[in-house]
Amino acid sequence: QVQLVESGGGLVQAGGSLRLSCAASGRTFSRFSMGWFRQAPGKEREFVAAISRSDGRTAYGDSVKGRFTISRGNAKNTVYLQMNSLKPEDTAVYYCAAVSGDLGRTRHEYDYWGQGTQVTVSS
């Protein structure tokens with residue numbers, strides 16, 4: 001079992017930046033690949049970014065590529081999402097997820113989820 005707690009969401013103006021954090025507890029963090037997803041009202045949960053458990057490979061959704069960066073600090077059992085050049089369409093609840101395998105791009109590949117943190121980007 002892994003418990004995930006997101007933090008760092010908030011209200012920001014378009015063009016601004018935020019850094020989300022996801023603290024993991026319960027199992028060996030380094031055994032899990034980690035992902036970020038987001039869900040806006042009335043929309044499907046969307047893949048944002050992922051980072052592998054072993055070699056640090058990363059993957060990004062097309063809508064955030066070049067603006068967002070995922071990283072992990074295994075010593076702190078934490079995964080981060082640095083979000084730059086934010087746009088109003090980035091407004092959503094952002095979820096952290098974990099899988100005991102290679103990184104994935106779909107929500108169905110992940111075994112554990114956090115409660116989410118709201119990000120609101122004003123125009």
With every protein chain in place, the chain: carbon and sulfur % of accessible area (1.4 Å): 44
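Let me know the shape class of segment 26-71, please: from the alpha-carbon gyration tensor, a ≥ b ≥ c as square roots of the eigenvalues, rounded when a/c is under 1.5, otherwise prolate if a/b is greater than b/c, or oblate.
oblate
For segment 35-114, what is the Kirkwood estimate of the hydrodynamic radius, computed as the reciprocal of the mean inverse distance between distinct Cα atoms, to one decimal in Å? Walk me through the numbers on the way to the answer.
Values: mean 1/r = 0.0774 Å⁻¹.
The Cα-based Kirkwood calculation yields 12.9 Å.
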Residues Thr28 and Ser123, FRET efficiency given R0 of 41 Å [Cβ-Cβ distance, rounded to 0.05]: 0.45
Compactness of segment 68-109 - radius of gyration and Dmax, Cα, Å: 12.4, 34
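Would you mind working out the accessible area per residue for segment 46-94, using a 1.4 Å probe, and quoting it in Å²?
Dividing the accessible area of segment 46-94 by its residue count gives 46 Å².
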Where labels lie 7 Å past Cα in the beta-carbon direction, separation of Lys76 and Glu109 in nm: 2.6
Assigned charges on the beta-carbon of Lys, Arg, Asp, Glu; the chain dipole about Cα centre (debye): 220
Extension gain, Glu89 back to Thr69 (0.36 nm per residue minus Cα-Cα distance, nm): 5.5 nm
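The values are calculated or read from the model by the stated rules, or taken from the named source; none is laboratory data. Keep in mind that this is a model prediction, so the values were computed, not measured. Every residue, glycine among them, receives a Cβ derived from its backbone with ideal geometry; neighbour counts consider all protein chains shown. SASA here: full protein model, heavy atoms, side chains in, ligands and nucleic acids out. Shrake-Rupley method; radii C 1.70, N 1.55, O 1.52, S 1.80 Å.
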